[in-house]
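Written out below as structure tokens is the structure these notes cover.
Each reported figure results from applying straightforward, stated rules to the coordinates on display, with no laboratory input. Values in this document were obtained by computation on a predicted structure and should not be read as measured data. Virtual Cβ from ideal backbone geometry, glycine too; neighbours counted across all protein chains shown.
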């Protein structure tokens, strides 16, 4: 009975380690991680009486792996005062409606496609294929969804309104690129986005060596328990 209990404990711990791990991060205009135009970025564009209330634009993300091996993505975009119009999150070419599930957040419409730096996306630094969360509302936008596509480093763009006689509010990651960045190290110029399944992306589950060590430790516990079993 004790051996069975130890085996169950080993399975439970390995399962928890596999699916509970999360990767979180953020970029902010305060340290140059976000670039853009308008009062979201440039405090001096606001009337003098509003400037003390200004806060830097920030995007945060959390990515976790689901028990079915798909991935859960969460994003929060905060900008000063002016409502966000849309948020574009990069995705791989060929990303289709079936690649996104359980989408939720402060938006009314969702589109997948190629987005260009045109009138609807002022000052966008380049083309981006991905997911557009459109008709967002509020200056704090939250979106989440599940996808079979694993996380890699990529880009985003967001556009908002503007006060009279200023530039449009727009923000993007400082190293905005139309391609992905495939490595598992930290990257302060991109955010985590769903990527190509042909690349492993950022490994959120424990490395095999770590899991072997964990298993070995628990098996040692099991062996000790067996030695102490009453005869």
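What is the distance in Å between the Cα centres of the range 45-124 and the range 135-174?
3
With an 8 Å Cα cut-off and a minimum separation of 6 or more residues, compute the relative contact order for the range 23-204 in percent.
Working: 461 pairs, mean separation 49.6, N = 182.
Relative contact order, the range 23-204: 27 percent.
May I ask you to sort 114, 124 by Cβ crowding, counting other Cβ atoms within 10 Å and putting the fewest first?
Starting with the residue having the fewest Cβ neighbours, the order is 114, 124.
What is the gain in length, in nm to one decimal, between residue 22 and residue 137 on full extension, counting 0.36 nm per residue of separation less the C-alpha to C-alpha distance?
The span from residue 22 to residue 137 would gain 38.7 nm if fully extended.
What is the calculated FRET efficiency for residue 70 to residue 183, with r their C-beta to C-beta distance and R₀ = 35 Å, to the nearest 0.05?
Plugging the Cβ-Cβ distance into 1/(1 + (r/R0)^6) gives 0.95.
For a quick protection proxy, order the peptides 59-71, 75-87 by their average other-Cβ count within 10 Å, most packed first.
Sorting 59-71, 75-87 by mean packing, highest first, produces 75-87, 59-71.
For the residue pair residue 54 and residue 102, what label-to-label distance in nm results when each label sits 7 Å from Cα along the Cα-to-beta-carbon direction?
Placing both labels 7 Å beyond Cα along the Cβ direction yields 4.0 nm.
Can you tell me the mean projection area, over all orientations, of the convex hull of the range 23-204's alpha carbons? Units nm², please.
With every direction weighted equally, the projected area is 9.8 nm².
Over the range 138-192, what is the relative contact order in whole percent, taking alpha-carbon pairs under 8 Å and six or more residues apart?
40 percent.
Given the peptides 173-180, 116-123, arrange them by the average over their residues of other C-beta atoms within 10 Å, most packed first.
173-180, 116-123
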